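The values are calculated or read from the model by the stated rules, or taken from the named source; none is laboratory data. In this text, all values refer to a predicted model and were calculated from it rather than measured experimentally. Note that each Cβ is placed from the backbone with ideal geometry, even for glycine, and that neighbours are counted across all protein chains shown. Remember, those area values only see protein heavy atoms, side chains included, never the ligands or the DNA or RNA. Shrake-Rupley method; radii C 1.70, N 1.55, O 1.52, S 1.80 Å.
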Amino acid sequence: MRRIDVLGIGFGVFLAGGLAYLGFQGAGLDSITAGIWSQVLLVGGLVGWLLTYLFRAVNGDMTYHQQVEDYKTAVLQKRLEELTPEELAKIQGEIEAENEAEKLKAQED
């Protein structure tokens, strides 16, 4: 995120708080009550954003995690493209043998 984005978001939050305050005053609340309710809205919005951030971080649904996964996928795809057909057949055979071994082990349990 660029500095100008951070400044814009900060100004937008400041402006939203002022508009909420004016809106509450326009609805008939006195200045102290309007200030309290505008702060409640802003803090509630901040807590809501924080919870969504924490949820995305815990689930690994962040931009960085997605970029790392995309990079790993691209590296594996490039390696697969560089394999000869014989090497690819050998790897597929090993994978099939591992899958069969896992199936047999699961049946024994």
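Miscellaneous remarks
- Both radii were evaluated on the Cα set of segment 17-106; the Rg over Rh quotient, with Rh as the Kirkwood radius, amounts to 1.49.
- Spatially proximal lysines relative to K105 (Cα-Cα < 26 Å; intrachain offsets below 8 disregarded): K90
- Across all directions, the average flat footprint of the convex hull enclosing the Cα atoms of segment 1-69 is 5.7 nm².
- Length added when fully stretched, V6-K105, from 0.36 nm per residue minus Cα-Cα: 30.1 nm
- Förster-model FRET efficiency, 35 Å R0, L41 and H65, C-beta, rounded to 0.05: 0.65
- Whole-Hz couplings from phi, Karplus 6.51/-1.76/1.60, listed for segment 21-30; x for Gly and Pro: 4, 5, x, 5, 5, x, 7, x, 7, 6
- Going by accessible surface with a 1.4 Å probe and the largest first, V58, V68 read V58, V68.
- Value of Rg to Rh for segment 51-93, rounded to two decimals, is 1.30; Kirkwood radius and Rg both from alpha-carbon coordinates.
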